[in-house]
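The values are calculated or read from the model by the stated rules, or taken from the named source; none is laboratory data. Keep in mind that this is a model prediction, so the values were computed, not measured. Quick reminder, even Gly has a Cβ in these numbers, built from the backbone with ideal geometry, and neighbours come from all protein chains shown. Areas reflect the complete protein model, heavy atoms only, side chains present, ligands, DNA and RNA absent. Shrake-Rupley method; radii C 1.70, N 1.55, O 1.52, S 1.80 Å.
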Amino acid sequence: MTKVYFVRHAQPEHTWEDDRSRPLTAEGKRDSKAVLEVLQDKNIDVFYCSPYRRSLDTIADTASYFGKKIIADERLREREKGLNGNHHGMFEKRWNDHDYHEENGESIHMVQERNIAALMEILAENKDKNIVIGTHGTALSTILNYYNPRFGCKDFLRIIDWMPYVIELDFEGNTLISVKEHFHIEKEFKGKSRADKKR
């Protein structure tokens with residue numbers, strides 16, 4: 001059996017303009033140490049990650065503990081956000097129509113396609129190993145939707161404030177056998193609009 005521990009990043013600095021280099025907040029850095037506490041007895045063999053700084057930094061302590069390098073894969077990055085893309089109405093539009101995207105943004109299907117392609121390669125190259133993948137809220141949600149098409153906007157919004165979040169997916173070959181949520185810390189996702197905060 002191959003075990004994949006997906007780690008959604010800890011709280012980032014939402015005022016940081018560049019998405020790729022956005023760092024963790026001081027709280028996020030502290031919270032990332034809890035990820036190590038969750039995974040330190042899991043005998044992790046290999047670490048993969050989105051190339052975005054917040055994801056890399058969230059699993060850095062854990063990778064160091066196991067003496068492993070983190071393999072960054074561009075396909076595991078977060079959804080490319082276009083104009084006015086982070087508010088409840090847009091979340092619903094994208095999850096209702098997986099091909100819909102705002103100007104200069106990516107659709108759910110586009111994000112899912114590249115994340116699943118990366119995951120399939122990782123599973124093929126690491127049969128029966130324990131794997132950590134550093135990820136993001138939307139990127140992870142598209143993977144969960146791939147294996148469970150009922151996973152939708154409501155489920156995405158359930159985890160949107162969970163930073164960090166650790167969920168285990170167990171595979172026999174490419175077949176998903178089981179899913180287990182291990183851990184999360186609830187932090188406000190400040191990328192939402194003011195209107196969404198009132199909901």
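Picking from L36, L56, which residue would you name as being open to solvent by 30 Å² or more (accessible area, probe 1.4 Å), assigned to a helix (DSSP H, G or I) and touching a Ser or Thr at 6+ places or on another chain (Cβ under 7 Å)?
Selected residue: L36, the only one of L36, L56 that is open to solvent by 30 Å² or more (accessible area, probe 1.4 Å), assigned to a helix (DSSP H, G or I) and touching a Ser or Thr at 6+ places or on another chain (Cβ under 7 Å).
Just to be sure before I move on: is D170 without any contact (Cβ under 8 Å) to a residue 60 or more places away in the chain, surrounded by 12 or more Cβ atoms within 10 Å (Cβ to Cβ) and of a type in the set (D, E, K, R) in the structure I sent? It is false that D170 is without any contact (Cβ under 8 Å) to a residue 60 or more places away in the chain, surrounded by 12 or more Cβ atoms within 10 Å (Cβ to Cβ) and of a type in the set (D, E, K, R). Within the range 100-121, residues that are at positive phi sit with their Cβ atoms under 9 Å from residues that are among the aliphatic types (A, V, I, L, M), at 6+ positions apart or across chains, in these pairs: N104/L83.
Yes/no matrix, rows are residues, columns are (1) acidic (D, E); (2) more than 17 Å from I116 (Cβ to Cβ); (3) at pLDDT 95 or above; (4) open to solvent by 60 Å² or more (accessible area, probe 1.4 Å):
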{"site": "L140", "(1), (2), (3), (4)": "no, no, yes, no"}
{"site": "Y147", "(1), (2), (3), (4)": "no, no, yes, no"}
{"site": "K154", "(1), (2), (3), (4)": "no, yes, yes, yes"}
{"site": "I159", "(1), (2), (3), (4)": "no, yes, yes, no"}
{"site": "V179", "(1), (2), (3), (4)": "no, no, yes, yes"}
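Taking the condition open to solvent by less than 30 Å² (accessible area, probe 1.4 Å) and touching a His at 6+ places or on another chain (Cβ under 8 Å), does R77 pass?
Numbers: open to solvent by less than 30 Å² (accessible area, probe 1.4 Å): no; touching a His at 6+ places or on another chain (Cβ under 8 Å): yes.
It is false that R77 is open to solvent by less than 30 Å² (accessible area, probe 1.4 Å) and touching a His at 6+ places or on another chain (Cβ under 8 Å).
From the list A72, A26, the one residue that fits, being surrounded by fewer than 18 Cβ atoms within 10 Å (Cβ to Cβ), touching a strand residue (DSSP E or B) at 6+ places or on another chain (Cβ under 7 Å), at negative phi and free of Cβ contacts under 8 Å to residues at least 40 places away in the same chain, is A72. Screening D99, D31, D41 for residues that are acidic (D, E), outside any loop (DSSP other than H, G, I, E, B) and either open to solvent by 50 Å² or more (accessible area, probe 1.4 Å) or under 18 Å from H136 (Cα atoms) (or both) leaves exactly one candidate, D31.
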